[in-house]
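The values are calculated or read from the model by the stated rules, or taken from the named source; none is laboratory data. Since the model is a prediction, treat every value here as computed from it, not as a measurement. All Cβ positions, even for glycine, are placed from backbone atoms using ideal geometry, and neighbour counts span all protein chains on display. Just the protein is used for accessible areas: all its heavy atoms, side chains included, with ligands, DNA and RNA removed. Shrake-Rupley method; radii C 1.70, N 1.55, O 1.52, S 1.80 Å.
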Amino acid sequence: MDWKEQIDMEKLPRHIAIIMDGNGRWAKQHGRPRVFGHRNGVLAVRETTEAAAELGVEYLTLYAFSTENWGRPRTEVTALMHLLVETLHKEVDTLNKNNIRLQAIGDISKLPASTHRALLDGIERTRNNTRMTLVLALNYSSKWEIVEAARVLAARVQRHEIEPEAIDEALFAQALTTREIPDPELVIRTSGETRLSNFLLWQAAYSELLFTDIFWPDFRKEHLHQAIVDYQRRERRFGKISEQVG
Ligand code: IPE
Ligand code: IPE
Ligand code: MG
């Protein structure tokens with residue numbers, strides 16, 4: 001079955017966010033070290049980015065490293081940070097060729113210097129691209145982001161720039177790292193785990209969630225196509241009843 005043909009191009013999600021999970025288990029299945037899974041996950045990143053851009057999705061956010069991931073064995077963390085630098089160096093030209101802009105969310109200043117530099121360089125070199133925005137969530141934690149936003153708003157109140165009463169959902173959203181990015185209509189998690197793991201808790205308040213058993217390194221264009229078809233078959237009611245939204 002060709003899933004791509006079944007996609008309604010008029011009803012594409014503007015923003016798809018993906019929790020790329022299962023690299024380690026994929027590697028284990030192949031009798032290889034976990035890093036082998038991460039390396040193969042890069043291929044899935046390339047495929048998914050291409051597929052999203054081909055369709056005309058405006059924003060693709062990929063959860064690449066959570067704040068909690070620092071707690072992994074040091075060798076794995078180091079390997080992941082190296083892989084990131086290597087991938088950025090290799091792929092930024094391709095992003096430019098495809099008119100894709102790179103952005104990042106998360107506490108990226110806490111990344112190792114070489115990773116931070118490669119990331120800022122990639123963001124700078126692609127900043128005028130207009131076809132799609134690829135957002136990497138790196139050293140990202142949704143609770144961290146929400147606490148930071150609260151801190152920024154509290155400071156503004158203290159400086160008498162705003163009254164506490166002025167703080168509403170819109171102002172709060174403006175204080176988040178995603179302020180220029182629309183909320184994702186669709187959040188996908190691979191590998192069979194059915195949790196959000198501290199990802200976009202505010203932004204995904206009304207997202208459609210899709211969980212697939214596929215391990216991330218096996219994720220291909222058709223899986224993204226299938227996920228979009230699934231999303232388009234759902235009724236998004238936003239608290240109303242079917243007759244109101246249909
Ligand atoms: C996702 O795969 C990649 C990162 C979190 C960096 P995992 O490394 O979590 O793989 P599993 O979940 O252990 O299989
Ligand atoms: C979530 O995956 C983080 C990323 C995909 C970057 P994890 O593998 O770290 O999440 P848990 O530990 O299963 O919740
Ligand atoms: Mg995992």
Original post:
Would you pick out the residues in region 2-28 that are assigned to a loop (DSSP other than H, G, I, E, B), within 7 Å of ligand 1 (Cβ to nearest atom) and among the hydrophobic types (A, V, I, L, M, F, W, C)?
Top reply: Met20
Original post:
Does Leu102 satisfy being at pLDDT 95 or above, away from ligand 1 (no atom under 16 Å from the Cβ), under 18 Å from Thr115 (Cα atoms) and in contact with a Leu (Cβ under 6 Å, 6 or more places away or on another chain)?
Top reply: yes
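When only residues in region 51-88 that are β-branched (Val, Ile, Thr) and more than 14 Å from ligand 2 (Cβ to nearest atom) count, which is least open to solvent (accessible area, probe 1.4 Å)? Spell out the reasoning first.
Step one: filter region 51-88 for residues β-branched (Val, Ile, Thr), giving 57, 61, 67, 75, 77-78, 85, 87.
Checking which are more than 14 Å from ligand 2 (Cβ to nearest atom) leaves us with 57, 75, 78, 85, 87.
Details: Val57: 1, Thr75: 111, Thr78: 63, Val85: 22, Thr87: 33 Å².
That would be Val57.
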Subject >> Residue selected from region 214-246 under the condition assigned to a helix (DSSP H, G or I) and open to solvent by 80 Å² or more (accessible area, probe 1.4 Å), by the criterion nearest to Gly41 (Cα to Cα) >> reply: Glu222
Subject >> Of residues in region 197-213 being open to solvent by 50 Å² or more (accessible area, probe 1.4 Å) and not small (Gly, Ala, Ser), the one farthest from ligand 3 (Cβ to nearest atom) >> reply: Tyr206
Original post:
Which of (1) among the β-branched types (Val, Ile, Thr); (2) more than 16 Å from the chain's Cα centre (by Cα); (3) surrounded by 13 or more Cβ atoms within 10 Å (Cβ to Cβ); (4) farther than 25 Å from Pro112 by Cβ does Thr130 not meet, given it meets every other one?
Top reply: (3)
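Pull up region 153-196, narrow it to residues that are within 16 Å of ligand 3 (Cβ to nearest atom) and open to solvent by 20 Å² or more (accessible area, probe 1.4 Å), then point me to the one that is nearest to Tyr59 (Cα to Cα). Spell out how you get there, then give the answer.
First, the residues of region 153-196 that are within 16 Å of ligand 3 (Cβ to nearest atom): 187-196.
Subset that is open to solvent by 20 Å² or more (accessible area, probe 1.4 Å): 192-196.
On the way: Gly192: 24, Glu193: 23, Thr194: 23, Arg195: 22, Leu196: 19 Å.
Applying the filter and picking the extreme gives Leu196.
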Subject >> Every residue from region 165-192 that is charged (D, E, K, R), under 19 Å from Leu138 (Cβ atoms) and in a loop (DSSP other than H, G, I, E, B) >> reply: Arg179, Glu180
Subject >> region 129-162, subset part of a loop (DSSP other than H, G, I, E, B) and in contact with a helix residue (DSSP H, G or I) (Cβ under 7 Å, 6 or more places away or on another chain), residue nearest to Val92 (Cα to Cα) >> reply: Asn129
Original post:
If you take the residues of region 14-31 that are more than 20 Å from Ser141 (Cβ to Cβ) and under 14 Å from the mean Cα position of the chain (by Cα), which of them is farthest from ligand 2 (Cβ to nearest atom)?
Top reply: Arg14
